[in-house]
């Protein structure tokens, strides 16, 4: 999926993955104060990472899809449900549709792996964003990295 002047693709090359991690560091660690030691985890090695890049080659956003055992551990044990996470868009690219394009690319990656739904843990200020993309909240609010979150799901 693409937004004008933005390409969203699976980050397969090492340089693409490094760009994903750099965006996460800018957004989560620097902006939101998430401790760096919890931002990166063992799931990064096996996750499907997606990267949004502007026409000038500058990374604009990223997200990841967990599948298999890693996703099942997050969603209550269902291996047919993927886990969308670490969605981050740089300050300069917010409001341009980059986040929605990243979510759709992650959903496409989930479908390609035979998954039937995607779960996520949304920061509560982002609930409306995900609801507009078809996600439905469930369960109580909970803290994650010191911020309030809600679980959400979209059937594919």
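What follows is calculated from the coordinates using simple rules that are stated; it is not laboratory data. Keep in mind that this is a model prediction, so the values were computed, not measured. Glycine gets a Cβ as well: all are built from the backbone with ideal geometry, and neighbour counts include every protein chain shown.
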For peptides 6-13, 124-131, sequence by mean Cβ density within 10 Å, most packed first: 6-13, 124-131
Using only the Cα atoms of the stretch 2-155, build the gyration tensor, take square roots of its eigenvalues as a ≥ b ≥ c, and label the shape rounded, prolate or oblate: rounded if a/c is under 1.5, else prolate if a/b is larger than b/c, else oblate. rounded
Would you mind calculating the gained length between residue 80 and residue 40 on full extension (0.36 nm times residue separation, minus the Cα-Cα distance), in nm to one decimal? 12.0 nm
log10 I(q)/I(0) for the stretch 87-153, Debye formula on C-alpha points only (no solvent), q = 0.14, 0.19, 0.29 Å⁻¹, two decimals, reads -0.45, -0.81, -1.29
Summing -39500 (n - 2.57) over every DSSP H run of at least 4 in the chain, dividing by its residue total and rounding to the nearest 500, the 222 nm mean residue ellipticity is -7500 deg cm²/dmol
